[in-house]
Amino acid sequence: LDVYPRWGRGEDLRVGDMVELVGVFAKETPMRASSITRGGWPRAGLVGLCVVVIAIVGLAVGAQQLLRPESSGCPAGTQPHRRVFPTGVEHSCRRAGTRHGPMRIENHVGRVVSKGHYREGIQHGTFWRYHRNGKPAERLDYNQGKRHGLWRKWHFDGTKVLEGRFEAGAGLVQGFHRDGKRAEEGGYLGDQRHGAWRYWRGDGTVHSEGPYQRGKKSGLWTAFQDDGKTRQYRG
């Protein structure tokens, strides 16, 4: 059983931790821990020593940042900005209150969950999103705020969910089953499904097909029986 702590309860479990689980077992859905009682902590003296070392390192890093403000990685004319919210913190560069430069979001334990780049408040460049285990969850390219380039998504274990390519906001995308077989294919306009789409079952037979209009089914749709050829309905 893989156990994942609830947000704010710590990132990793160790031998000796007492865990209370609340939830329902479901396919591909992990149980979530509602509370964790720590066990096996080191002696107070070692803890104190660790605190002193961390404090010294923190002071040294802070002094270095003050002496070398350019180390923030922000472009000239911008200032580092830090925004705290319940599940983490966002680090960005801003000019007159507008994002301009690199941006990253960290969770409550300092692990990067997403990062990207802005130009005058508009998404520009490659944006990444990460799973809790550190593996990539999504990659999406932008050009002046429009999707332009690759779009890829991965499951928690690294298997591919979808892959597509965009040109000036319009793209063609393929989705995949867990075993890598094709599951869906169609067009996108921005972040909405648009144009002809087709869906396949896990055995490779066609499940249904039809067009979308900006995220909504619009037009003639057809569904097929298990053989992928016999029509089940059309409407």
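Every number here is computed from the coordinates shown, using simple stated rules; none is lab data. In this text the structure is predicted, and so the values were computed from the model without any measurement. Glycine gets a Cβ as well: all are built from the backbone with ideal geometry, and neighbour counts include every protein chain shown.
Anisotropy class assigned to the stretch 110-235 is oblate, per the alpha carbon gyration tensor with a/c at or over the 1.5 cut-off and a/b no larger than b/c.
Pulled fully out, how much extra length does the chain show between Ile122 and Arg234, if you take 0.36 nm times their separation in residues and subtract their Cα-Cα distance? Can you show the working numbers first?
Numbers: separation 112, 0.36 × 112 = 40.32 nm, distance 4.20 nm.
That works out to 36.1 nm of additional length.
List the pairs from Lys146/Lys217; Lys115/Lys216; Lys181/Lys229; Lys153/Lys216; Lys135/Lys181 whose alpha-carbon separation is above 28 Å, in the order I gave them. Walk me through the intermediate numbers first.
Working: Lys146/Lys217 23 Å; Lys115/Lys216 30 Å; Lys181/Lys229 19 Å; Lys153/Lys216 22 Å; Lys135/Lys181 22 Å.
Flagged as over cut-off: Lys115/Lys216.
Per-residue extension of 0.36 nm, minus the Cα-Cα distance of Thr87 and Asp157, leaves a gain of 22.9 nm for this segment.
Using only side-chain charges placed at the Cβ, +1 for Lys and Arg and -1 for Asp and Glu, the dipole size of the stretch 50-180 relative to its Cα centre rounds to 100 debye. Full extension of the chain between Val112 and Val206 yields a length gain of 29.9 nm, computed as 0.36 nm times the residue separation minus the alpha carbon distance. Comparing Leu162, Gly110, Ser218 along the charge dipole axis of the stretch 92-235, the residue lying farthest to the positive side is Gly110, per the Cβ-charge model. Using a Förster distance of 35 Å, how high is the FRET efficiency between Lys216 and Glu167, based on the Cβ-Cβ distance and rounded to 0.05? About 0.95, to the nearest 0.05.
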